[in-house]
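Let me begin by presenting the structure, written as structure tokens, before commenting on it.
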Amino acid sequence: MKYLDCFRFLAARRSGQLVITAAGNSSQAWWEATRDSEGTFYLEASMSLSTLFGAGLALALPEVKFWAFLGDGGFCMNPGALMVERQMNLPNLTHFLVSNRCYGATGNAELPNLRDNDYPAIARAMGLRRVFAFDSMESLERGFDAAIAANAPGYTFVVLEVEPFSAAEQKLPQPPFDGPELKYRFGRHIERLTGRSVFGYQV
């Protein structure tokens, strides 16, 4: 399925989840679909850690639902993250593995072993039970509610098989925020949403 069509669908079905995106195409696609400047943390230079970053937040804020996106290029750098995420087994975190079988952030260089990498099988071998995979808009539309069930127990892992960005899509803008501004936008949003103190003082 088309990368942007997939993200536009997810954005339309989002129901209050805080979102973590990874470096490169997922940040571009989510920004293009949402222009969200407060409820999303665009984790540039994430180096495979976007879902673990999301797991830390989900552990600290069990009353909040989180979506964390990670490309398969990043995942291949650190598949052991699934062991940690499975052990934490956080019911308020959904890990979206965006599989385009390439390193999208570096010009679509192909992943090693790209045709045989079976991400759902890897997740199940690490003990994950709520594993879903979608390779078309029809399957995503049909299976979304089961995958993102409101009160499902345990951690959810969703593989989205998408086409690589086209040359034109590679030129989509990145979110126009630096790290400190993102931190304060996102942190203040959490403070308003939860009533918790993130920075030690309220404004």
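The values are calculated or read from the model by the stated rules, or taken from the named source; none is laboratory data. Since this is a predicted model, take the numbers as computed values, not measurements. Every residue, glycine among them, receives a Cβ derived from its backbone with ideal geometry; neighbour counts consider all protein chains shown.
Tell me which residues, restricted to region 155-168, are small (G, A, S) and at pLDDT 90 or above. Outline the logic, then answer.
In the first step, residues of region 155-168 are kept if they are small (G, A, S); the result is 166-168.
Hit for region 155-168 is A168, nothing else.
Going through region 69-107 one residue at a time, which ones are at pLDDT below 80, crowded, with 17+ Cβ neighbours inside 10 Å and of a type outside the set (K, R)? C102, Y103, G104, A105, listed by residue number. For E32, the conditions (1) in a helix (DSSP H, G or I); (2) within 13 Å of L18 (Cβ to Cβ); (3) more than 14 Å from the chain's Cα centre (by Cα) all hold with the exception of (2). Hey, does region 34-44 have a residue that's out of contact with any Lys or Arg (no Cβ under 8 Å at 6 or more places or on another chain), of a type in the set (D, E, K, R), surrounded by fewer than 18 Cβ atoms within 10 Å (Cβ to Cβ) and at pLDDT 95 or above? Yes, region 34-44 contains at least one residue that is out of contact with any Lys or Arg (no Cβ under 8 Å at 6 or more places or on another chain), of a type in the set (D, E, K, R), surrounded by fewer than 18 Cβ atoms within 10 Å (Cβ to Cβ) and at pLDDT 95 or above. Of all residues in region 63-105, those that are aromatic (F, W, Y) and over 16 Å from I20 (Cβ atoms) total 1. Checking V131, V159, V84, V64 one by one, the residue that is of a type in the set (V, I, T) and part of a loop (DSSP other than H, G, I, E, B) is V64 and no other. Please indicate, with yes or no, whether at least one residue in region 69-80 is in a helix (DSSP H, G or I), in contact with a Leu (Cβ under 9 Å, 6 or more places away or on another chain) and within 21 Å of K183 (Cα to Cα). No, there is no match, as no residue in region 69-80 is in a helix (DSSP H, G or I), in contact with a Leu (Cβ under 9 Å, 6 or more places away or on another chain) and within 21 Å of K183 (Cα to Cα).
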